[in-house]
Amino acid sequence: MTGARIERLVTSGTFSLDGGTWDVDNNVWIVGDGQEAIVVDAAHDAGAIVEALGGRSLRAIVCTHAHNDHIDAAPELAARTGAPILLHPDDLPLWKQTHPERAPDGELAHGQVLTVAGVGLTVLHTPGHAPGAVCLYAPGLKALFSGDTLFAGGPGATGRSYSDFPTIVGSIRNRLLHLPGATVVHTGHGDTTTVAAEAPNLQEWIDRGF
């Protein structure tokens, strides 16, 4: 039996791309036990994340993609904890828009397994919202950390640079919908959902050939 648990911290800030800026609330996910953890998406407030960690060893800062609202606090969090920042290399162009002077510390690859507190999290490359977007699947926790790839109600947004709607639908179809229906989807913004709840929302687009 693992003692790992999932904690959510909501932080607030702005999302900026293509000349526009919007106020946003982001979900920061902490996965671990009483001794160690990983952070999924270090958004907006490194101090709040450090406080939520409560002295636990931070094994990694995992970026589901490199839109600024998901990575803006990552360098400070890394500096304060010594944890490496991990990003899929296809999102480096987006990363450099926010942090041109500070590269990530390591790369994420499809099929890679990250382990924390006895739980494995498998990296699933799910491009569409961004070229290097990834989800993390933790079967031991019956959990998927979807970033902005999948929300309660359907796919993430694809109306801005570096995004593509047929690609995100293909990613969800090929990489997420085959997961057990009871898998809880922990999203980058807003409420959680399940794979089973989202399957009907995607079927319409799949039937239309996306």
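Odds and ends about this structure:
- ³J(HN,Hα), Karplus 6.51/-1.76/1.60, whole Hz, each residue of segment 73-82, x for Gly, Pro: 9, 4, x, 5, 5, 5, 5, 7, 10, x
- Across the chain, Cα pairs under 8 Å and at least six residues apart give a relative contact order of 16 percent.
- Here the gap between Phe165 and Thr21, fully extended at 0.36 nm per residue and compared with their Cα-Cα distance, gives a gain of 49.7 nm.
- Note on Val40, Val10, Val24: ascending count of other Cβ atoms within 10 Å places them as Val10, Val24, Val40, the fewest first.
- Helix-only mean residue ellipticity at 222 nm for the chain, each DSSP H run of n ≥ 4 adding -39500 (n - 2.57), per residue, nearest 500: -6000 deg cm²/dmol
- Candidates Gly154, Gly32, Gly54: whichever shows maximal mean-square fluctuation once the chain is modelled as a Gaussian network with Cα springs under 10 Å: Gly54
Here, each number is a calculation from the coordinates, and none is a lab measurement. These numbers come from a predicted model, not from an experiment. Every residue, glycine as well, gets a Cβ built from its backbone with ideal geometry; the counts of neighbours run over all protein chains shown.
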